Amino acid sequence: MSPDILIVVAALDEADRISSTLAALELAFPGAPVWVADDGSTDATAELARAAGVRVVRSERVIGKGQAMTAGVRAALASIDFSDVIARARDDVDLEHSSTDPPGRAIADREPEAVLVLCDGDLGESARELPALVDALGRERDADLAVAAFATRVGGGFGLALGFARWSIRRRCGLTTRAPISGQRALRARVARDVLPFAGGFGMEIGMTIDAVRAGHGVVEVDLDLAHRATGRTLAGFLHRARQLVDFVRVYHARR
């Protein structure tokens, strides 16, 4: 039985890309419910998302990615109702279980679990690659959190913020990562309970990984051919990475 897929998209002033991202997600995950966590956009991001038929969890002001996505993921989790699916699992178990396989245990093994797919609103058409993250959770028994590593690097600065992010995760939980700040992730619903609320701002992904590993969840990275709006070696790009680094430092100290 395949898991229910719930998709939450992080967005801040993504009017130029949100429609193509949502269209790609619909093709990749037909019929899956989508929430856009709008972090106080001042453009038409929210209106375009609603026009695409998805749910919008919106802040009227910028509160930070981690805070906005916490609200979006909580809204997605609140929609889950497995009662009918569990009832079907009980029927299957009644027919198949043996005297050496207690029904209660068989039901627990069969009970489906939702998978949350988290992504950024600027992926555009490349969002169609994200099912590979869900596949990784199904393929690798010990994987509870799958993180996309961009197969091709675009933009970026001198690697200071990224290097600090890798070091922070390794220092705090012992995990070596290639894509510590990738926002493209798939995680089992039970992982969400252990990592919410997300760390504030750009520290969301580092905090999520550290918290997941500390809670005993397995993490796997998957190379995907994704594209997003990259920040280059410009003044705006350096300011963006400086804000990221400040949030990374806060997460590192908060998880001593």
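Throughout, read-outs are computed from the coordinates displayed, never taken from laboratory work. Everything numeric in this text was worked out from a predicted model, so none of it was measured. Here Cβ is always computed from backbone atoms with ideal geometry, including for glycine, and neighbour counts include all displayed protein chains.
Numbers at a glance
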item	result
Rough spin-label spacing in nm, given labels placed 7 Å along Cα→Cβ, for ALA78 and ALA149	3.7 nm
Length gained when the stretch ALA23-ARG55 is fully extended (0.36 nm per residue, less Cα-Cα span)	10.1 nm
